[in-house]
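Below: one structure, written as structure tokens.
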Amino acid sequence: MLRLPADLGRTVLARFREAARLPFPDGPESSGSQCGAERGSAVVEFILMALLLMVPLVYFIVTIGQIQGGSFAVVGAADQAAKVYVMQKDTSQGRVAAEQAALLTLADYGHSAEQALVDVACDRGDCLSAGAAVTVTVKLTVPLPMVPFGEALSLDAANLSASATQIVGRFR
């Protein structure tokens with residue numbers, strides 16, 4: 001191990017400070033007083049930076065979770081509404097039953113009926129004739145989480161949509 005004399009270290013440090021034009025402390029007691037003035041500020045800075053970085057990160061994760069839950073909800077609601085629609089005897093009962101099934105599925109995921117829109121379309125004039133394809137589209141507006149006046153400001157995280165198609169069977 002290479003050992004340097006203490007005077008050499010001080011000389012190098014003095015020349016470095018001259019080159020960088022840094023103030024030269026008078027002695028070892030002056031460097032201690034500078035450190036003592038800033039004692040404990042690292043903890044405060046760490047907490048402040050952690051709050052500034054972690055709060056938006058947690059809010060982003062919660063928002064992404066709401067959007068993911070909403071996407072699961074619209075897919076399930078469209079699928080269930082299409083299945084319920086093709087099991088009904090007439091189209092008016094089918095539309096009512098499909099809307100109820102979609103809204104019940106959305107409610108299971110925590111979304112209200114005001115946020116959803118259910119649309120039913122058929123490829124034929126008679127939607128419930130054998131072999132007809134019935135397509136149910138569910139649209140959902142996912143609001144931003146934890147916004148106090150979200151309804152008045154209409155701040156939405158996402159507008160989601162899903163469709164499901166069922167074929168009306170010959171034997172019902």
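To the nearest 10, the accessible area of residue 18 is 140 Å² with a 1.4 Å probe.
Taking the radius of gyration and the Kirkwood hydrodynamic radius from Cα positions alone, what is the Rg/Rh ratio for the stretch 63-135, to two decimal places? Mind dumping the intermediate values first?
Details: Rg = 13.2 Å, Rh = 12.7 Å.
Ratio value, two decimals: 1.04.
Which log10 I(q)/I(0) values does the stretch 92-167 give at q = 0.12, 0.27 Å⁻¹ under the Debye formula, counting every alpha carbon as one identical point scatterer? Those come out to -0.42, -1.26, one per q.
The values are calculated or read from the model by the stated rules, or taken from the named source; none is laboratory data. If you're wondering where the values come from, they're calculated on a predicted model, not measured in any experiment. SASA here: full protein model, heavy atoms, side chains in, ligands and nucleic acids out. Shrake-Rupley method; radii C 1.70, N 1.55, O 1.52, S 1.80 Å.
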